[in-house]
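J.: Mind having a look at this structure? Questions to follow.
The values are calculated or read from the model by the stated rules, or taken from the named source; none is laboratory data. All figures in this text were calculated on a predicted structure; none of them were measured in a lab. Neighbour counts are summed over all protein chains in view; Cβ atoms, including those assigned to glycine, are modelled from backbone coordinates with ideal geometry. Just so you know, the surface numbers come from the protein's heavy atoms only, side chains and all, with ligands and any DNA or RNA stripped out. Shrake-Rupley method; radii C 1.70, N 1.55, O 1.52, S 1.80 Å.
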Amino acid sequence: MSKALILNFSQVSHNQTEVESQIRDIFFMTSSKKEFHSQKEKEEFEWKYLGFYLKNFPDFSWICVDANIVVGYILGIPYSQNEDLYKIQPHLKQFESYFVDYPAHLHINCRPEAQGKGVGKQLIMTLLNQLSEQKIRGVHIMTGTTSLNRHFYLKMGFDREIEHTGILFMGAKL
Ligand SMILES: CC(C)(COP(=O)(O)OP(=O)(O)OC[C@H]1O[C@@H](n2cnc3c(N)ncnc32)[C@H](O)[C@@H]1OP(=O)(O)O)[C@@H](O)C(=O)NCCC(=O)NCCS
């Protein structure tokens, strides 16, 4: 992965449709939800955790490209207290009191064959530096309480852990 490039999504002008399609592939490949009752349900799921971020926060979206293939992406939002987001992700509201210290959040996924090679670390460090430069005080993620990715986030400094209704909230100060 030594030649892999980290690019800001808002600056991808060439082949944007192809890049979006590769991001979408990674999204569905890595998602724990595999079954959809209808195309509409599938599209709503994609909008909730992918499309909303690319459309509204392209500056906080980064991709890792290796040999012309998108091997990972990270989507960020600087302030999670966002009424439009609450409409599609109502579960966020139960952690609202922690958004004072950890206002930003992110979603990250890497292609299965690119995992464990430092791509996730490069992507997350890029976003965390960007948020820190913009004086955002903290960032969080939400994952399953038994999820393996917890160890990745712990390594990346997400040391504030709160469990509630089967969701694990992990926060990092910036
Ligand atoms: C979680 C994920 C983004 C991590 O990215 P990655 O490229 O595989 O991780 P990296 O290779 O950059 O690892 C960075 C560090 O975390 C550690 N790490 C990563 N995954 C780990 C795991 N499952 N258990 C323990 N440590 C782990 C690495 O050992 C490495 O430590 P180091 O810096 O001391 O060498 C990626 O594996 C992935 O997409 N997983 C599937 C989807 C997923 O879980 N997404 C997150 C949804 S909340």
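J.: Among the residues of region 136-151, how many are more than 13 Å from the chain's Cα centre (by Cα) and either within 7 Å of the ligand (Cβ to nearest atom) or under 12 Å from residue 102 (Cα atoms) (or both)? Spell out how you get there, then give the answer.
T.: Residues of region 136-151 that are more than 13 Å from the chain's Cα centre (by Cα), as a first pass: 136-138, 144-148, 150-151.
Retained after the next criterion (residues that are either within 7 Å of the ligand (Cβ to nearest atom) or under 12 Å from residue 102 (Cα atoms) (or both)): 136-138, 147-148, 151.
Within region 136-151, residues that are more than 13 Å from the chain's Cα centre (by Cα) and either within 7 Å of the ligand (Cβ to nearest atom) or under 12 Å from residue 102 (Cα atoms) (or both) number 6.
J.: Out of (1) within 14 Å of the ligand (Cβ to nearest atom); (2) under 20 Å from residue 46 (Cβ atoms); (3) not β-branched (Val, Ile, Thr), the odd one out for residue 121 is which?
T.: Going through the list (1) within 14 Å of the ligand (Cβ to nearest atom); (2) under 20 Å from residue 46 (Cβ atoms); (3) not β-branched (Val, Ile, Thr), residue 121 breaks only (2).
J.: Continuing with this model, one more query. Of the residues 63, 26, only one is among the hydrophobic types (A, V, I, L, M, F, W, C), within 15 Å of the ligand (Cβ to nearest atom), in a helix (DSSP H, G or I) and more than 19 Å from residue 154 (Cα to Cα); which? Show your work before the answer.
T.: Working: 63 fails: in a helix (DSSP H, G or I).
The unique qualifying residue is 26.
J.: Need at least 3 residues that are surrounded by 13 or more Cβ atoms within 10 Å (Cβ to Cβ) and touching a residue at least 60 places away in the same chain (Cβ under 8 Å) per element, so show me which helices (runs of 4 or more DSSP H) inside region 68-174 make the cut, counting only ones lying wholly within it.
T.: Output list reads 119-133.
J.: Quick one: count up the residues across region 11-30 that are within 21 Å of residue 85 (Cα to Cα) and in contact (Cβ under 8 Å) with a residue 24 or more places away in the chain.
T.: 4
J.: Separate question: State all residues of region 1-23 that are among the polar types (S, T, N, Q), part of a loop (DSSP other than H, G, I, E, B) and surrounded by 10 or more Cβ atoms within 10 Å (Cβ to Cβ); if no residue qualifies, say none.
T.: Residue satisfying the conditions is 15 alone.
J.: In region 45-56, how many are open to solvent by 40 Å² or more (accessible area, probe 1.4 Å), closer than 21 Å to residue 130 by Cα and touching a residue at least 12 places away in the same chain (Cβ under 8 Å)?
T.: Selection size over region 45-56: 2.
J.: Please go through region 57-67 and pick out each residue that is touching a residue at least 24 places away in the same chain (Cβ under 8 Å) and not polar (S, T, N, Q).
T.: Listed by number, the residues that qualify are 58, 59, 60, 62, 63, 64, 65, 66, 67.
J.: Taking the conditions exactly as written (more than 16 Å from the chain's Cα centre (by Cα) and either among the polar types (S, T, N, Q) or over 25 Å from residue 133 (Cα atoms) (or both)), does residue 66 satisfy them or not?
T.: The answer is yes for residue 66.
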